[in-house]
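First the structure, in the form of C-alpha cells, and then the observations on it.
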Amino acid sequence: PLQEPREFYEQLKTQILAAKERIFLSALYIGPEEKELIETLKISIKKSSKLKVHILLDCLRATRSDKSRNPADLLVPLVKEFPDQVTVSFYHTPDLKGILKKFLPSRFNEGIGLMHIKAYGFDDNLILSQWKIIRYWHKRHTFER
C-alpha cells in the first residue's frame, strides 16, 4: 500500500508511463498547476497510438474559476493535440437544475452534489485512493493510520 501522498503521485506517473492500451483518471478535479502530470500523459500518448485516455471529473468543481482560470483549462491542449486518444467527461449532478442552478453561486452549488470518486486505471491495474490529483494538497496532508 502507498503510505504518503507523494508516493501516490509518483505511482500515478509511473503507471501512466507504463500503460499501453488505456488510462482512466476519475477525480473531483485535477489541480490547475498539474502541468507535470499532463506532460506525463503526453509522453505516454506519444509512445503508443493505441493508448486511449479517459478523464472523468466533477463538472461543478473542475470548471470553477479561480483567478481567471479553471482546472479544466489545463486539459484543453491535451484534447486538441490528441483528439482521437483523449476523452474528457464531466459528471453533473442531476439534483442541480432549474432555479437552483440559475441562482446558486459557485462553491455553494457544489453543496447540492459532487462526484468525488478517486479511481485511476492503467491497462489492468487499478488504484483506489483517498488522495487528490492536486500537488499543493499533497504538501499539506499525510496519511493518518
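The values are calculated or read from the model by the stated rules, or taken from the named source; none is laboratory data. Remember, predicted model here, so these are calculated numbers, not experimental data. Here the Cβ is made from the backbone with ideal geometry for all residues, glycine too, and neighbour counts use every protein chain on show. Ligands, DNA and RNA are stripped out before the accessible areas are found, and what is left, the full protein with its side chains, is counted by its heavy atoms. Shrake-Rupley method; radii C 1.70, N 1.55, O 1.52, S 1.80 Å.
Restricting attention to region 89-145, and to residues there that are in a loop (DSSP other than H, G, I, E, B), over 12 Å from the mean Cα position of the chain (by Cα) and under 20 Å from Tyr9 (Cβ atoms), which single residue is modelled with the highest pLDDT?
Asp123
Quickly run through region 64-120 and pick out the residues that are open to solvent by 70 Å² or more (accessible area, probe 1.4 Å), of a type in the set (A, V, I, L, M) and without any contact (Cβ under 8 Å) to a residue 40 or more places away in the chain.
Selection gives Ile99, Leu100.
Checking Leu56 against (1) open to solvent by 40 Å² or more (accessible area, probe 1.4 Å); (2) within 13 Å of the chain's Cα centre (by Cα); (3) without any contact (Cβ under 8 Å) to a residue 40 or more places away in the chain, only one condition comes out false. Which one?
Only one criterion in (1) open to solvent by 40 Å² or more (accessible area, probe 1.4 Å); (2) within 13 Å of the chain's Cα centre (by Cα); (3) without any contact (Cβ under 8 Å) to a residue 40 or more places away in the chain is unmet by Leu56, namely (3).
Looking at region 1-25, which of the residues that are under 15 Å from Asn125 (Cβ atoms) and crowded, with 19+ Cβ neighbours inside 10 Å is nearest to the chain's Cα centre (by Cα)?
Filtering region 1-25 for residues that are under 15 Å from Asn125 (Cβ atoms) and crowded, with 19+ Cβ neighbours inside 10 Å, the one nearest to the chain's Cα centre (by Cα) comes out as Leu25.
Only helices (runs of 4 or more DSSP H) wholly contained in region 10-88 count here; list those with 2 or more residues that are in contact with a helix residue (DSSP H, G or I) (Cβ under 6 Å, 6 or more places away or on another chain) and over 30 Å from Ile112 (Cβ atoms).
Result: 35-47.
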